[in-house]
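Presented below is the structure to which this report refers.
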Amino acid sequence: MIKNLLNLSKKTTLALILLCSATNIHSQCVQSFYDDFETGSFNPPWVAGTGHTVTINNTTPAEGAFSMDMTGLSAFYAGPNVQFASSQPTSIEWWTKTNNVTAANGYFIVGDANIASNNGIVFCYFNATSSLRFFNSAGYNYPITVNTWYHIELKNINWTAKTFDIYINNVIWQTAFAFRTPASTDMTQLHVFNLSSATSSYDKIVIGDVPPTLTVSNSSPTLCAGSTVTLTAAGNATAYVWSNSVTNAIGFTPTATAVYSVVATGSNSCQNSATTTVNVNQSPTVSIVPSNTAICDGTTATLTANGASTYTWNTTSNSQSIAINPTVTTNYTVSGTNTLGCEGTSTISLIVNQIPTVTATSNASIICTGQTASLTAGGAATYSWNTSSTNASIAVSPTTTTSYTVTGTTNGCSNSFVITQSVSNCTGLYEKATLTSPFLVYPNPSNGIFIIKTENSIDLTITDALGKIIRSVSLNNNEQLEVKGLANGLYFITGLSSNNYYKVKVVIAN
């Protein structure tokens, strides 16, 4: 990874940006240069220089996946180099090794703008005596082995005393080691080169404070609207702050595709940042189109779903359209899934109206020819007779027994009823005439009240058209009886006199 001031290249799939905080938390972050070569390429701000072939490879890195090999030779300060802003870092670290321990190579020199003339502040290289030499007015040699990585750390850089401590492989070897050029007051550049033919290698070069490590995990890089995602930042930082008010490692529900960034702050105030994208696929807008919003009991409706690619109904059907014939008002729900795998639902209530129970009655179960009966329908909201009338009640005057059909409708549902109006020509019936039988009935037909008159004692029985006895009466000589309270219909009055049986038909038509 290459960094110059605030620039840091992309690492794997996360865009990591190394930041320096201008506000002290524990101490001020000073980060001048950072490269762990994990991009897999030799990138700016490096300048290639001359005389060397630089290769970023993953053969035997000191750490991570990649390191830098530098093969060839050049003059002083002619090899690869980096320029950075003036700074006073308090630490420097790098990894290094060489394949030649008998000639000068693997130079690592950090200094100010006058580095070419004053040889910098840190002057380190592999010399010809199988050692790693730190050069100043006295110098220090550390024994080495060919093709072996060494981790060098310069800590406690003191810009007042112009000294630093030397750690190699996590062991301190020199304390208060003097600057190569004590007059230098800042650092602005790094140079690496070989003065002899060799391959020297470098890994994880850090000039200044080390930013906190940072990894980001995204539980659902792609999800459907309404789903939950958890973004988790981890490493050795002391604090993690996400954009968009996201809380680290706590699930939330995004509404649209967005890039989320996190800033990790270390104990040295240095910051590292990363971004991750959450792609939000919208759920389909599913709708249901019914063939009818209300049906009659016993009929069928068709429901058609729209807006998605596949469907599942609460009837277990997976068809886009379903035919249904519920007997009561019922809710139907369909789940639709689009090509992105996201789901939407829709519910419709199909109203089921019951078939009305239609009835019809006559005010007279039987009438005489020429009389009128009133037929009245019930049980529905509206009616239609086969006489073309749309009234609930109609007046009819049939000359013969006739059937009438009425169709009743409620909430669009219809049913029919047939009523038969009986008609009699009333032949043989008489009203207030001379007695030809032991008793006389008049008026006949009547409106519900009639007189029975006899000249002789007689026992009489009144029955309806079905033969049911309605009333029994006994009359004495020259007695008459008023009969009333009978319902409309056909009745028979029978009596026995002088061993003769007499029967008279009576019609009540009120």
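The values are calculated or read from the model by the stated rules, or taken from the named source; none is laboratory data. Computed from a prediction, not measured in an experiment: that's the story for all the values here. With ideal geometry, Cβ positions are generated from the backbone for all residues, glycine too; neighbour counts draw on all protein chains shown. Areas reflect the complete protein model, heavy atoms only, side chains present, ligands, DNA and RNA absent. Shrake-Rupley method; radii C 1.70, N 1.55, O 1.52, S 1.80 Å.
Listing for the model above:
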quantity	calculated
Contour minus Cα-Cα distance for TRP149 and GLU482 (0.36 nm per residue)	106.2 nm
Computed label-point distance, nm, for sites ALA225 and GLN282 using a 7 Å Cα→Cβ extension	0.5
Alpha-carbon centroids, the range 177-245 and the range 363-397: separation in whole Å	99
Probe 1.4 Å, protein heavy atoms only - accessible area per residue of the range 314-370 in square angstrom	51
FRET efficiency, THR253 to THR316 (Cβ-Cβ, R0 41 Å, nearest 0.05)	0.85
Interchain or long-range residues, amide H under 5 Å from CYS342's placed H	none
Reach of LYS162 by Cα under 15 Å, taken over aspartates and glutamates that are not fewer than 8 positions away in the same chain	ASP112, ASP186
Where a label projected 7 Å from the Cα of ALA128 along Cα→Cβ would reach, residues of the range 89-105 with amide N under 16 Å	100-105
Inter-label distance, nm, simple model (7 Å from Cα along the C-beta direction), GLU455/THR59	15.3
Charge sum, other residues only, whose C-beta stays under 15 Å from ALA161's C-beta, Lys/Arg counted +1 and Asp/Glu -1	+2
The range 339-407: C-alpha gyration tensor shape, a/c 1.5 cut-off, then a/b vs b/c	prolate
Relative contact order (percent, whole number), the range 444-510, Cα cutoff 8 Å, 6+ residue spacing	40
Contour minus Cα-Cα distance for THR369 and SER498 (0.36 nm per residue)	43.0 nm
Shape call, the chain: gyration tensor on alpha carbons, a/c limit 1.5	prolate
Spin-label zone in the range 184-212 - amide nitrogen under 17 Å from a point set 7 Å from the Cα of ALA103 along the C-beta vector	193-201
Contact order normalised by residue count of the range 83-165, Cα under 8 Å, 6+ apart, percent	33
The chain - percent relative contact order, Cα under 8 Å, separation 6 or more	10
Cβ-derived FRET efficiency at R0 60 Å, THR333 paired with THR376, nearest 0.05	0.85
C-alpha center-to-center spacing [the range 143-161, the range 494-510] in angstrom	141
Rounded percent of accessible protein surface that carbon and sulfur make up, the range 114-160, 1.4 Å probe	47
Check: the range 374-510 dipole with +1 on Lys, Arg Cβ and -1 on Asp, Glu Cβ, in debye	120
Fraction of accessible area attributable to carbon and sulfur, the range 342-465 (%, probe 1.4 Å)	48
Mean ellipticity per residue at 222 nm, deg cm²/dmol - from DSSP H runs of n ≥ 4 across the chain, formula -39500 (n - 2.57)	0 deg cm²/dmol
Prolate/oblate/rounded label for the range 453-500 (Cα gyration tensor, a/c 1.5)	oblate
Area accessible to solvent at ARG471, 1.4 Å probe radius, in Å²	90
Distance between the range 105-126 and the range 301-323 - C-alpha centres, whole angstrom	77
